[in-house]
Amino acid sequence: MVTLRYFKGLLVLDVYAPGAKWSDELKAYITYAYKYAEVKKYFRSEGVDIQDYVFDNTPPFPSIVDEIKLRDYQFEALRSWILRGKRGVIVLPTGAGKTIVALKAIASLRESTLVVVPTIDLMHQWANSIREILKADVGEIGGGVDKVSGITVITYDSAYTRAEELGNKFFFVIFDEVHHLPSEGYSLMAKMYAAPHRMGLTATPEREDGKHIMYPDLVGPIVYRKGVEDFAGKYIASFDIKKVYVKMTEEEERKYKELRSNLKKFLEKRNLTLRSLDDFNRLVRLASKDKEAREALLAWHESLKIAVNSKAKVDKLKELLKEFKDEKIIIFTRDTQLAYDLSKLFLIPVVTYKTSKDERKEILEKFRKGVYRVIVASTVFDEGVDVPDANIGIVLGGYGTKRQYLQRLGRLLRGKDKNALLIEIITKGTADYKLSKRRSYIS
DNA sequence: TTGACTCAACATCCTTTGCTACAA
DNA sequence: TTGTAGGTTTCCATGTTGAGTCA
């Protein structure tokens, strides 16, 4: 006979199970709560009777209406998730209806459910979908709201800070934009929830730091995967990607070369290389206590800025805005400064993290209605924001990540009627070219 | 309730396009 | 030709967000 209990994110057992540790404080064996299903399975296989007191005060599942009709691939995704023990990550491109798959899962399982999302915006979007599609009463936790219900939407931050208290209240947890989960704090949060049923949703599972290998442990393996290329022209818009190359001005080139050579000289002098991310991190560490290293790193920052924001890009943009003078366009930049400069130069509205919530809402609304035809944004629209359809995206600068690239592309693919076009303007022969090469999704 | 503020957490950050560099 | 990769860690910058505090 074994007794299972929950205590502040931990699973407490009075009999040893593989992976559990003895706690002198609790006078029992403990492991993180997410091992609940595994531990139970172990004792069952050993033929041990289980007294299970883990889940307590779980909010009752509300009454719902289930009239959801899934598309073939959505059905496939859900089926393969169920077959893998109701655990795992579903990868679908933006606009392919990940939410619908999750709502169907909620409707099928009918267990107390927690939906974890990265932003308040997404929290509202999910809550609305649950109300409208499942006709269910929905709880929300985050952004000053605190209402628990049998289906509750919560931010990652709140799920983290309230994990001890909420960890044994939900049998089913859905992690939206699950690529956030492997970070240090959030992965700990995932471990503190006992939920045996887990679903991760994302369009871009891979992380730059390689921590996506943590999915099988935290949520389950990738159980279904489709990319934009599988759906283009069918459920989402078909699209073209165009790369336009420009050259820096002489002045920019002189400055760029000077900065790069400063960096190179420093590296040679110290017998360092900059070939991997580790090399780069070494330089960063060095820069925290070494003046020369700091200057070298600043030279690197500055040179990158020159290449990414070159004047020739702005000139090219001017041409493109003329060429596509009747289309709805979003311009993406890397720096906020360039975003503001473009806004002034072309008299177009700008959105960055400095833009107030109200103003952002107003700009997006006017863009939706067609009052504004062109808007410029820094990296704010890369995720989780419900950006109205545009059919042309012009990338002036960004990170070297496929994630950002795909998210930005996703902004153009919501409607399937029009052909979308993503134009990338790249400064030839510079680090900007490198970044573009790295993110290029057809590698 | 709001708005302005601060703080903490998270993410990116690498290769002069192209194939590592070196010791045993 | 072949095999193997120096921290023992807490961060130069900038961008972005959620939460908490206080008026």
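Every read-out reported here was derived from the displayed coordinates using simple, explicitly stated rules and does not represent laboratory data. Remember, predicted model here, so these are calculated numbers, not experimental data. Note: ideal-geometry Cβ built from the backbone for every residue, glycine included; neighbour counts use all protein chains shown.
What ranking of A:Phe170, A:Phe239 emerges when the number of other C-beta atoms within 10 Å of each C-beta is taken as an exposure proxy, fewest first? Before the final figure, lay out the partial values.
Details: A:Phe170 26, A:Phe239 19.
Sorted ascending by nearby Cβ count, the order is A:Phe239, A:Phe170.
Within segment A:1-60, which trypsin sites (Lys or Arg not before Pro) sit in a loop by DSSP and count at most 14 neighbouring Cβ atoms inside 10 Å? All intermediate terms of the calculation are to be shown ahead of the outcome.
Numbers: sites: A:Arg5, A:Lys8, A:Lys21, A:Lys27, A:Lys35, A:Lys40, A:Lys41, A:Arg44; in loops: A:Lys8, A:Lys27.
The qualifying sites are A:Lys8, A:Lys27.
Quick one: grab Rg to one decimal and Dmax as a whole number for segment A:171-303, Cα atoms only, in Å.
For segment A:171-303, the Cα radius of gyration and maximum Cα-Cα distance read 22.0, 62 Å.
Anything in chain A that counts as a DSSP H helix reaching 30 Å or more along its axis (C-alpha) with Kyte-Doolittle mean of at least -0.5? List them, would you?
On the way: long enough: none.
Sorted by number, there is nothing, because no helix extends far enough and scores high enough.
Defining a contact as two alpha carbons under 8 Å apart and six or more residues distant in sequence, what relative contact order in percent does segment A:72-231 show? Walk me through the numbers on the way to the answer.
On the way: 292 pairs, mean separation 53.8, N = 160.
34 percent.
Could you tell me the convex hull volume per residue, in Å³, taken over the Cα atoms of segment A:250-308?
Details: hull volume 4.5 nm³, N = 59.
Cα convex hull per residue, to the nearest whole number: 76 Å³.
Ignoring solvent entirely, what values of log10 I(q)/I(0) come out of the Debye formula for segment A:298-443 at 0.12, 0.17 Å⁻¹ when each Cα is a single scatterer?
Normalising to I(0) and taking log10 leaves -0.46, -0.95.
Tally the DSSP beta bridges in chain A and give the antiparallel ones as a percent, rounded to 5. Don't jump to the answer; show the numbers that get you there.
Numbers: 14 of 65 bridges.
Taking every DSSP beta bridge with both residues in chain A, the antiparallel ones total about 20 percent.
Taking the Cα atoms of segment A:200-242, report the difference between the largest and smallest coordinate on each principal axis, in whole Å and largest first.
That works out to 36, 22, 11 Å along the principal axes.
Just to be sure I understand the curve: with the Debye formula and one point per C-alpha of segment A:2-53, what is log10 I(q)/I(0) at q = 0.30 Å⁻¹?
With no solvent term, the Cα-only Debye profile gives -1.33.
For Cα pairs less than 8 Å apart in space and 6+ apart in sequence, what is the mean separation divided by the residue count of segment A:2-53, i.e. the relative contact order in percent? Walk me through the numbers before you get to the answer.
Numbers: 76 pairs, mean separation 20.9, N = 52.
It comes to 40 percent, rounded to a whole number.
Between A:Val148, A:Val115, A:Val284, which gets the highest mean-square fluctuation from a Gaussian network model of chain A, Cα cutoff 10 Å?
It is A:Val284.
For segment A:1-98, which semi-axes, largest first and in whole Å, follow from the square roots of 5 times the eigenvalues of its Cα gyration tensor? Working shown, then result.
On the way: eigenvalues 248, 51, 38 Å².
Each semi-axis is the square root of five times an eigenvalue, giving 35, 16, 14 Å.
Across bins of 5 angstrom width beginning at 0, how are the C-alpha pair distances of segment A:72-231 distributed, in whole percent?
2, 9, 21, 24, 23, 15, 5, 1, 0
Binning every alpha carbon pair distance of segment A:126-193 at 10 Å from zero, what are the percents per bin?
Bin by bin from 0 Å, the calculated values are 20, 53, 25, 2.
Counting each DSSP H run of 4 or more residues in chain A as -39500 (n - 2.57), what helix-only mean residue ellipticity at 222 nm follows after dividing by all residues, to the nearest 500 deg cm²/dmol?
On the way: 17 runs with 179 residues, N = 443.
Mean residue ellipticity at 222 nm (helix-derived): -12000 deg cm²/dmol.
What span do the alpha-carbon atoms of chain A cover on each of the three principal axes, reported in whole Å from largest to smallest?
Computed over the Cα atoms, the extents are 79, 56, 38 Å.
Give the peptides A:298-304, A:420-426, A:357-363 in descending order of average Cβ contacts within 10 Å, highest first.
Details: A:298-304: 17.6, A:420-426: 22.1, A:357-363: 13.4.
Highest-to-lowest ranking by the protection proxy: A:420-426, A:298-304, A:357-363.
Pairs of Cα atoms under 8 Å, at least six residues apart: use those to get the relative contact order of chain A, whole percent. Kindly include the intermediate steps, with their values, before the conclusion.
On the way: 824 pairs, mean separation 67.9, N = 443.
Once normalised by length, the contact order is 15 percent.
Mind checking which of A:Gln74, A:Gln404, A:Gln337 has the largest fluctuation in a GNM of chain A, springs on alpha carbons under 10 Å?
Comparing A:Gln74, A:Gln404, A:Gln337 in the GNM, the peak value goes to A:Gln337.
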